[in-house]
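What follows is a single structure, written as structure tokens, with notes after it.
The values are calculated or read from the model by the stated rules, or taken from the named source; none is laboratory data. Owing to the predicted nature of the structure, the values given are computational and were not obtained by experimental measurement. Please note: Cβ atoms are built from the backbone with ideal geometry, for glycine as well, and neighbour counts cover all protein chains shown. For accessibility, only protein heavy atoms count, side chains too; no ligands or nucleic acids. Shrake-Rupley method; radii C 1.70, N 1.55, O 1.52, S 1.80 Å.
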Amino acid sequence: QVQFVESGGGLVQPGGSLRLSCAASGIIFKSYDMGWYRQAPGKQRELVARITANGSSMYADSVRDRFTISRDNAKITVYLQMNSLKAEDTAVYYCNLAPQPISSWGQGTQVTVSS
């Protein structure tokens, strides 16, 4: 059974930083592209960052140059370093396979950017 456990969210002021972590289990992690998704209230879930199995990364325009995705295959974990946070980054953040997620989602981690 595939499971994702996200952590690291919280309340941060605009311009601040957070580092999210996602521990995966039940998959051959190193073989898959992984992604960070987010869902803001009243909006659809969107893919904001993706890292391929060989370590290449891609970003949505809204987060490019501010967010950095990385992975540690030995720890079966994917990370999202978020800098220069804005109010519009407020959302629940999830990890999953990318670009096509599977139906099994974790509980997500809430990120709130507010002064």
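Applying a threshold of 9 Å to beta carbon distances and a minimum spacing of six or more residues, or different chains, the list of pairs starting in region 50-69 at a residue that is over 10 Å from N83 (Cα atoms) and ending at one that is open to solvent by 40 Å² or more (accessible area, probe 1.4 Å) and β-branched (V, I, T) reads S57/T68; Y59/T68. The set of residues in region 86-110 being open to solvent by 60 Å² or more (accessible area, probe 1.4 Å), in a loop (DSSP other than H, G, I, E, B) and not hydroxyl-bearing (S, T, Y) consists of K86, P99, Q100, W105, Q107.
Going by what's in this entry, would Q81 be described as part of a strand (DSSP E or B), open to solvent by 30 Å² or more (accessible area, probe 1.4 Å) and touching a residue at least 24 places away in the same chain (Cβ under 8 Å)?
Taking the combined requirement at face value, the residue satisfies it.
Screening V113 on (1) without any contact (Cβ under 8 Å) to a residue 60 or more places away in the chain; (2) open to solvent by less than 30 Å² (accessible area, probe 1.4 Å); (3) touching a helix residue (DSSP H, G or I) at 6+ places or on another chain (Cβ under 6 Å) shows it passes everything except condition (1).
Of all residues in region 67-78, which are surrounded by fewer than 16 Cβ atoms within 10 Å (Cβ to Cβ) and either modelled with pLDDT under 95 or outside any strand (DSSP E or B) (or both)? The answer is N73, A74, K75.
Listed by position, the strands (runs of 3 or more DSSP E) contained in region 6-56 that have at least 2 residues being out of contact with any Leu (no Cβ under 7 Å at 6 or more places or on another chain) and surrounded by 14 or more Cβ atoms within 10 Å (Cβ to Cβ) are 18-25, 34-39, 46-51.
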